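The values are calculated or read from the model by the stated rules, or taken from the named source; none is laboratory data. All values reported here derive from a predicted model rather than from experimental measurement. Reconstructed Cβ throughout: ideal geometry from the backbone, glycine too, with neighbour counts over all protein chains shown.
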Amino acid sequence: MPEENSADTVLERFYNDLLTVERKGVLTAETYKTAVKELLNWCAEKHIDYRFLTIQDLLYYLVARKTGDAHNAGADELTIAKDISALRSFGAYLVRIGVWSENTALLLQRPRAKRRLPRVLAVEEVDKLLSVIDTSGPLGLRDRALFELVYSSGLRIGEVSALELQNLHLDERLLWVRGKGDKERMVPFGDEAVVHLRNWLEKGRGELVKNPSVPWLFVNYRGKRLSRKGIWKRFQELEALSGVNAKVHTLRHSFATHLLAGGADLRSVQELLGHADLSTTQIYTHIDDTALHSCHTEFFPGHKNTHKKNG
């Protein structure tokens, strides 16, 4: 039986606390748990009891994370920022259960992480990626419908995995999507997605799903919910077959960028992506400078006509 204050016990209880008390999402809770596990492993190596960690200890740990060692590369600023968020949350938990008298981790300052510009595919690259899917069997019909829908609606991988049949309104070309923080939104999808969704529902899904009560829109070969990992693994195979360097999330980035390049306004794209903050959506505006030049030329002629009039 594990000791009350052992590292393994406190880690599991911290994880459960994140889910039940802090009401964090599963992905956030798993990220924080992994980050704190790294800290606890470091404490074990240094023979430091986590209950008596000082701010100096935490700073030494973050420096070690930043510089890395012979076995691990150093963490970047974004990772360090996430680590600090996890440590602050862990500190708050230790205060709540009476292990720490105050949250020492609040003294840590998060670095300003440089925002990376997203990788975006050209329309031709998206076509090439999707064209390698063999749709002669039910799994191929599923994959074509799934990735077409991700691109057509800008879905996150977790959102498409969680889709149920009742979320799909095929005739109206609309999806009811539950996103981050359990926020729901209606998202349209295009004609190409309609074609492949019909093929999947009429010719593929029934071959895999034997139990009519299965609610999931996309299922694996056993007729059960297709997991995030399953989607990710299948996409890796398509990446290798097509030679297109991308991730599942790249289709979401491409969706947003192609919308903006086509003239969609930023607020609309924010709603479609389910971003809580417009600043998150603004990262896509860097992509198509030619569209900005075209817009400027059309709506701000400036001195061009003036010079002609004044000679």
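Yes or no: residue 192 within 14 Å of residue 152 (Cβ to Cβ) and in a helix (DSSP H, G or I)? Against the criterion (within 14 Å of residue 152 (Cβ to Cβ) and in a helix (DSSP H, G or I)), residue 192 qualifies. When only residues in region 179-189 that are assigned to a helix (DSSP H, G or I) and charged (D, E, K, R) count, which is surrounded by the most Cβ atoms within 10 Å (Cβ to Cβ)? Only one residue tops the list, namely 180.
Which helices (runs of 4 or more DSSP H) sit wholly inside region 206-286 and have at least 3 residues that are buried (at least 19 other Cβ atoms within 10 Å of the Cβ) and of a type outside the set (Asp, Glu)?
On the way: elements: 228-242, 248-261, 266-273, 278-281.
Of the helices (runs of 4 or more DSSP H) lying wholly inside region 206-286, those with at least 3 residues that are buried (at least 19 other Cβ atoms within 10 Å of the Cβ) and of a type outside the set (Asp, Glu) span 228-242, 248-261, 266-273.
I'd like to verify a number: residues in region 147-162 that are surrounded by 18 or more Cβ atoms within 10 Å (Cβ to Cβ) and either at pLDDT 95 or above or assigned to a helix (DSSP H, G or I) (or both), how many?
Here is the first cut: in region 147-162, the ones surrounded by 18 or more Cβ atoms within 10 Å (Cβ to Cβ) are 147-157, 159-162.
Subsequent filtering for residues that are either at pLDDT 95 or above or assigned to a helix (DSSP H, G or I) (or both) retains 147-153, 157, 159-161.
Number of matching residues: 11.
A Cβ distance below 7 Å, combined with a sequence gap of six or more or placement on separate chains, defines the contacts here; from region 207-224, residues that are over 21 Å from residue 136 (Cβ atoms) reach residues that are surrounded by 16 or more Cβ atoms within 10 Å (Cβ to Cβ) and among the basic types (Lys, Arg) in the pairs 216/225.
All conditions in (1) in the same structural domain as residue 249 (by TED's automatic domain parsing); (2) within 30 Å of residue 81 (Cα to Cα) hold for residue 193, with the sole exception of (2). Checked against (1) closer than 18 Å to residue 127 by Cα; (2) at pLDDT 95 or above; (3) of a type outside the set (Gly, Ala, Ser), residue 201 passes all but a single condition, namely (1). The residues of region 167-178 that are out of contact with any Asp or Glu (no Cβ under 6 Å at 6 or more places or on another chain) and not in a helix (DSSP H, G or I), listed by number, are 168, 169, 170, 171, 172, 173, 174, 175, 176.
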